[in-house]
Amino acid sequence: MSPLDLLDLDELLGDEERDVRSLVRRVVDDRVRPHIAEWYERGEVPVRELSLEFGKLGLLGMHLEGYGCAGASAVQYGLACMELEAADSGVRSLVSVQGSLAMYAIWRYGSEEQKQRWLPGMAAGELIGCFGLTEPDHGSDPGNMATRARRDGDGWVLHGGKMWITNAPVADVAVVWARADEGVVGFAVPTDTPGFSVREVKMKLSLRASATGEITLDDVRLPESARLPQARGLKAPLSCLTEARFGIIWGSLGAARDCLETAIAYATSREQFGRPIAGFQLTQAKLADMALELQKGYLLALHLGRRSDAAGLRPEQVSVGKLNNVREAIRIARECRTILGANGISGEYPVLRHANNLESVLTYEGTSEVHQLVIGQKLTGLNAFGG
Ligand SMILES: Cc1cc2nc3c(=O)[nH]c(=O)nc-3n(C[C@H](O)[C@H](O)[C@H](O)COP(=O)(O)OP(=O)(O)OC[C@H]3O[C@@H](n4cnc5c(N)ncnc54)[C@H](O)[C@@H]3O)c2cc1C
């Protein structure tokens with residue numbers, strides 16, 4: 001049991017849940033932790049190798065049923081996200097985008113033929129998926145997307161572009177959302193379709209161990225069979241985001257936990273003024289406050305996980321979890337950085353890497369402000385999004 005578990009929250013987990021956590025932790029310790037600082041520095045990550053590894057463990061589309069997916073509970077999926085993100089948010093993003101965005105979109109809105117074609121290979125990690133909603137000029141407001149889908153004989157032509165798309169540079173299939181005469185429609189686009197191209201986004205100072213791309217759709221011709229037949233309107237992609245946000249509620253706590261464990265180990269061995277810095281009251285106050293937030297965030301994640309397994313979650317409930325846990329996680333990461341002093345800025349320690357990663361996590365899948373607006377609308381009945 002972790003010394004950070006002040007409230008014995010571990011007792012709230014069942015044996016199977018603890019087993020999932022231990023398994024993912026072991027694989028992450030073995031396959032990710034020894035290399036992550038170097039991947040981050042180089043801005044490269046072996047997505048294919050990791051996907052195959054995670055596929056073997058059943059982590060891809062883990063919470064989905066059928067088509068080679070593990071059919072795990074929401075809590076098990078959450079625990080897996082937590083362990084993955086304790087290593088790096090980029091690695092958890094790979095799994096979230098594959099499972100909760102690309103696979104979920106096909107699983108929920110695709111035809112039987114699309115499911116058979118893509119899902120088993122994606123669950124095994126042999127095929128990689130991405131999810132293109134954001135555009136250069138439309139982020140928080142995807143309803144105003146500029147990418148167009150127009151009917152062309154029996155098929156479709158897609159024109160436009162998507163920006164900041166995780167996994168895009170290595171993807172075999174891209175779930176792409178576009179505006180048609182009948183509203184927002186989605187497609188499962190094989191990435192070797194003529195007119196589809198990806199430029200890798202470089203010079204990122206956050207989520208460097210994650211492949212991010214800009215997709216150009218230059219009159220991409222697709223058959224009707226590529227359209228996701230059950231997806232009607234913007235609520236389809238938004239429902240996928242709700243899925244992915246659930247993983248973030250747990251994952252962000254993993255990053256924070258890793259920072260706090262690092263800070264405690266550092267503070268107990270680092271001496272200044274003739275004693276360990278952990279012995280100073282100011283340091284202990286920081287550690288105590290951070291441990292509190294970590295435990296509270298965990299209780300929130302567990303509550304939402306249990307609720308999701310029992311009855312499903314409403315979007316504003318997911319917003320409560322994402323807003324709180326990412327906001328607290330980034331505060332914890334930054335506070336831990338201060339405890340490590342100058343060493344805190346070094347890649348030899350994971351803390352600033354986590355803090356920098358969490359800047360992306362704070363922004364993607366709905367910025368903090370967007371989640372405040374979702375909650376505000378629920379509280380007041382008034383839409384403050386504008387438009
Ligand atoms: C590393 C990374 C990976 C990503 N991966 C993906 C992916 O795989 N697929 C995908 O589709 N997208 C992805 N995204 C994009 C992400 O979802 C968007 O960046 C996010 O939705 C915010 O959009 P934006 O960056 O255009 O910011 P904007 O929408 O331009 O927002 C800028 C600021 O304005 C605020 N703001 C906007 N509207 C309002 C309002 N009404 N009221 C108050 N404040 C407001 C925002 O909260 C924010 O603070 C990724 C982003 C990053 C950084």
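The values are calculated or read from the model by the stated rules, or taken from the named source; none is laboratory data. Everything numeric here is computed off the predicted structure, so don't read it as measured data. Cβ: placed from backbone, ideal geometry, glycine included. Neighbour counts: every protein chain shown. Areas reflect the complete protein model, heavy atoms only, side chains present, ligands, DNA and RNA absent. Shrake-Rupley method; radii C 1.70, N 1.55, O 1.52, S 1.80 Å.
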- Note on the structure: Selection from the range 172-183 of residues closer than 16 Å to Pro194 by Cβ and among the small types (Gly, Ala, Ser) yields Ala174
- Selection from the range 154-170 of residues that are under 19 Å from Tyr364 (Cα atoms) and either among the hydrophobic types (A, V, I, L, M, F, W, C) or not in a loop (DSSP other than H, G, I, E, B) (or both): Gly161, Lys162, Met163, Trp164, Ile165, Thr166, Ala168, Pro169
- Message: Take the conditions farther than 25 Å from Ile248 by Cα and within 16 Å of the ligand (Cβ to nearest atom) and apply them to Ala146. Does it pass?
- Response: yes
- Note: among Arg151, Arg117, just one is in a strand (DSSP E or B) and away from the ligand (no atom under 12 Å from the Cβ), namely Arg151
- Message: Condition (residue is in contact (Cβ under 8 Å) with a residue 12 or more places away in the chain, in a helix (DSSP H, G or I), crowded, with 24+ Cβ neighbours inside 10 Å and touching a strand residue (DSSP E or B) at 6+ places or on another chain (Cβ under 8 Å)) applied to the range 72-93: is it met by at least one residue?
- Response: yes
- Query: What is the residue count in the range 331-366 for residues that are loosely packed, with under 15 Cβ neighbours inside 10 Å, touching a residue at least 12 places away in the same chain (Cβ under 8 Å) and β-branched (Val, Ile, Thr)?
  - Reply: 1
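Give the residue, chosen from Gly71, Gly125, Gly110, that is within 23 Å of Trp250 (Cα to Cα), in contact with a Leu (Cβ under 6 Å, 6 or more places away or on another chain), small (Gly, Ala, Ser) and away from the ligand (no atom under 16 Å from the Cβ).
Working: Gly71 fails: in contact with a Leu (Cβ under 6 Å, 6 or more places away or on another chain); Gly110 fails: within 23 Å of Trp250 (Cα to Cα).
Unique residue meeting the criteria: Gly125.
Got a number for residues in the range 171-212 being closer than 27 Å to Pro229 by Cβ and either surrounded by 24 or more Cβ atoms within 10 Å (Cβ to Cβ) or in contact with a strand residue (DSSP E or B) (Cβ under 9 Å, 6 or more places away or on another chain) (or both)? Reasoning before the result, please.
The initial filter retains those residues of the range 171-212 that are closer than 27 Å to Pro229 by Cβ, namely 171-198.
Subset that is either surrounded by 24 or more Cβ atoms within 10 Å (Cβ to Cβ) or in contact with a strand residue (DSSP E or B) (Cβ under 9 Å, 6 or more places away or on another chain) (or both): 171-181, 184-191, 193-198.
Residues that pass the stated criteria total 25.
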- Tally of residues being of a type outside the set (Ser, Thr, Tyr), open to solvent by 20 Å² or more (accessible area, probe 1.4 Å) and either under 20 Å from the mean Cα position of the chain (by Cα) or under 26 Å from Gly90 (Cβ atoms) (or both) across the range 115-154: 9
- Restricting attention to the range 295-306, does a residue exist that is surrounded by 14 or more Cβ atoms within 10 Å (Cβ to Cβ), at positive phi and modelled with pLDDT of 95 or more? no
- Query: Taking the range 334-387, which residues are small (Gly, Ala, Ser), assigned to a helix (DSSP H, G or I) and within 16 Å of the ligand (Cβ to nearest atom)?
  - Reply: Ala355, Ser360, Ser368, Gly376
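Is one or more of the residues making up the range 215-223 hydrophobic (A, V, I, L, M, F, W, C), touching a residue at least 60 places away in the same chain (Cβ under 8 Å), within 15 Å of the ligand (Cβ to nearest atom) and closer than 30 Å to Tyr40 by Cβ?
Residues of the range 215-223 that are hydrophobic (A, V, I, L, M, F, W, C), as a first pass: 215, 217, 220, 222.
In the following step, the residues that additionally are touching a residue at least 60 places away in the same chain (Cβ under 8 Å) were identified as 215, 217, 220, 222.
Next, from what is left, pick out any that are within 15 Å of the ligand (Cβ to nearest atom): 215, 217.
Adding the requirement that they be closer than 30 Å to Tyr40 by Cβ leaves 215.
Yes: the range 215-223 contains one or more residues that are hydrophobic (A, V, I, L, M, F, W, C), touching a residue at least 60 places away in the same chain (Cβ under 8 Å), within 15 Å of the ligand (Cβ to nearest atom) and closer than 30 Å to Tyr40 by Cβ.
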- Any pair with Cβ under 7 angstrom, 6 or more apart, that starts in the range 30-55 at a residue that is within 22 Å of Lys204 (Cα to Cα) and ends at one that is assigned to a helix (DSSP H, G or I) and among the β-branched types (Val, Ile, Thr): Val32/Val91; Val47/Val170; Arg48/Val170; Leu50/Val91
